[in-house]
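Participant: Would you mind keeping the following structure in view while I ask a few things?
Each value in this text was obtained by applying a stated rule to the coordinates, not by laboratory testing. Model, not experiment: these values are computed from the prediction. Neighbour counts are summed over all protein chains in view; Cβ atoms, including those assigned to glycine, are modelled from backbone coordinates with ideal geometry.
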Amino acid sequence: MSKNGKTGSKSVTVKQATLDLLRSFGIKRVFGNPGSTELPFLSDWPDDIDYVLALQEASAVGMADGYAQATRNAGFVNLHSAAGVGNALGNIYTAHRNQTPLVITAGQQARSILPLQAFLYAERASEFPRPYVKYSVEPARPEDVPAAIARAYYTAMQAPCGPTFVSIPIDDWTHATAPIEARKVSREIGPEADAMKALVAALGSAKHPALVVGPGVDRAGAVDLMVRVAEKAKASVWVSPFSARCSFPERHPQFAGFLHASPAQLSDALREHDLVVVIGAPVFTFHVEGHAAIFDGGATIFQITDDPDAAAVTPVGTSIIATMKPALSALLDLLPESKRAAPKGRTLPPAPQAADPLPVEFLLHSLSQAMPDGASLVEEVPSHRPAMQKFLPMRGQDSFYTMASGGLGYSLPAAVGMALGKPKTRTVCLIGDGSAMYSIQALWT
């Protein structure tokens, strides 16, 4: 193999090298809304990779996001030139906030007529989706396209995960190139030993510790580890503000509730805790202004995050940069069994009664009773989220998904992608009528 990762075997087309890479990466579906600049990529499409056609680009990205979260592998998206990327930008931003790994490609005009500002050309195409992609490029030569796609995949899959972008001129697909072999790139990052010992010591001496769990725990498939740590530490467990995943069973006896995105209300909820450990979330995501008394020094704050940027903006305390599984495994091994009494969790309200008109609380409770074991809920009813948190408690791992961006138009296509990614389990989309209108095209593929 040469230094650039290309094999020394006979040349293939850029298209063939790309399809072989997708197979090596375990990518079995491509989501797209293509046009004329994508036709050479689509011609003679292979039988072993499904092309999921969406009616609009935002739906294609949303479907790929849901599918990537369900399969824990990067979703591959095929968009139509600059106009298609523009239509998709809202859900690209949501994928960025969700930390969902995506490889997004978009067609570009032929290289020979780019200087003439041809119809459907994109000027400085790689700049268009920034800063909401981790890597963005239009390769300098056609033969560089497969290597760019490989780099986009490895980058998307590294913590913190996120979308990447490759702009590909229409005439690149038929050029000759050397095939690219997929490589193994490790993704887990272990915690610093001394920092973990300091956290264990703080948990041992605390009188009333709290664990604030965020979406990073569920994304990592580490909810069971999180439960074991909480039970061993005998700590109260809160959900971080605006968490887009369920990282702790909401019927667990140590589950305390959901933190508000108001600095004052969050601080009030945590005021009795002398130690706050934030795991898999920022410290903290606020939505309104106000004084955050939690930062005044009354409580010691630790954070475990796989996102160096989140650690950099944390205003107080100690941040430990590591991926969730090695960090929680180390914490579980180091942590002695606490002699504290187990904290009391929240008390769920009584079952609501039917009435006319139908109360939303009764509807959500009925849905909770009807959903089968192992079902996944994809939600976009932000105005009813407080009622949902009371009457539709989630079970934990892989049970709940929503948009971390606050942007509507995500959950309907994401539910389609989720159902494709987890065909043996039920996917339920809970969405408001207004939210549904943002991406109603997702009802057809």
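Participant: I'd like the orientation of helix 145-157 relative to the chain: the angle between its Cα long axis and the longest Cα principal axis, in ° from 0 to 90, rounded to 10.
Facilitator: 0 degrees
Participant: I would also like to ask the following. Going by a ≥ b ≥ c, the root eigenvalues of the Cα gyration tensor, does segment 1-129 fall in the rounded group (a/c under 1.5), the prolate group (a/b larger than b/c) or the oblate group?
Facilitator: Note, shape of segment 1-129 comes out oblate.
Participant: Principal axes first, then extents: for the Cα atoms of the chain, list largest minus smallest coordinate on each axis, whole Å, largest first.
Facilitator: 70, 60, 40
Participant: In a GNM of the chain with a 10 Å cut-off on Cα contacts, which of Ser405, Ser81, Ser11 has the highest mean-square fluctuation?
Facilitator: Checking each option, the largest mean-square fluctuation is seen for Ser11.
Participant: For segment 98-177, state which GluC sites (Glu not before Pro) are in a DSSP loop and have at most 10 other beta carbons lying within 10 Å of their beta carbon. Working shown, then result.
Facilitator: Numbers: sites: Glu123, Glu127, Glu143; in loops: Glu123.
Those satisfying the criteria are Glu123.
Participant: For a footprinting-style exposure proxy, rank Cys429, Cys161 by other Cβ within 10 Å, fewest first.
Facilitator: Ordered by Cβ neighbours within 10 Å, fewest first: Cys429, Cys161.
Participant: Around Thr285, which amide H atoms from residues at least 5 apart in sequence, or from another chain, sit under 5 Å from its own amide H, with H modelled in the peptide plane?
Facilitator: Distant-sequence amide H within range of Thr285: zero hits.
Participant: On to the next question. Exposure proxy check: Met371, Met63 ranked by fewest other beta carbons within 10 Å? All intermediate terms of the calculation are to be shown ahead of the outcome.
Facilitator: Numbers: Met371 17, Met63 31.
Sorted ascending by nearby Cβ count, the order is Met371, Met63.
Participant: If you rank Glu231, Glu289, Glu38 by fewest surrounding Cβ atoms within 10 Å, what's the result?
Facilitator: Going from sparsest to densest Cβ surroundings: Glu289, Glu231, Glu38.
Participant: Say we join alpha carbon atoms closer than 10 Å with springs in a Gaussian network model of the chain; which of Val277, Val360, Val428 then has the biggest fluctuation?
Facilitator: Of Val277, Val360, Val428, the most mobile in the Gaussian network model is Val360.
Participant: Next up: Amide H neighbours of Val52 under 5 Å, at least 5 residues apart or on other chains, H built in the peptide plane: list them.
Facilitator: So Val52 has HN proximity to Val30, Phe31, Gly32.
Participant: Could you tell me how many cubic angstrom of Cα convex hull volume segment 193-334 has per residue?
Facilitator: 97 Å³
Participant: What is the P(r) of segment 360-443, as percent of Cα-Cα pairs per 10 Å bin from 0?
Facilitator: 19, 52, 30, 0
Participant: Now, a different point. log₁₀ I(q)/I(0) of segment 295-445 at q = 0.16 Å⁻¹, via Debye over equal Cα point scatterers, no solvent, to two decimals?
Facilitator: -1.13
Participant: What does the charge count near Ala330 come to, summing +1 for each Lys or Arg and -1 for each Asp or Glu among other residues with Cβ under 15 Å from its Cβ?
Facilitator: Overall, the nearby charge balance is -1.
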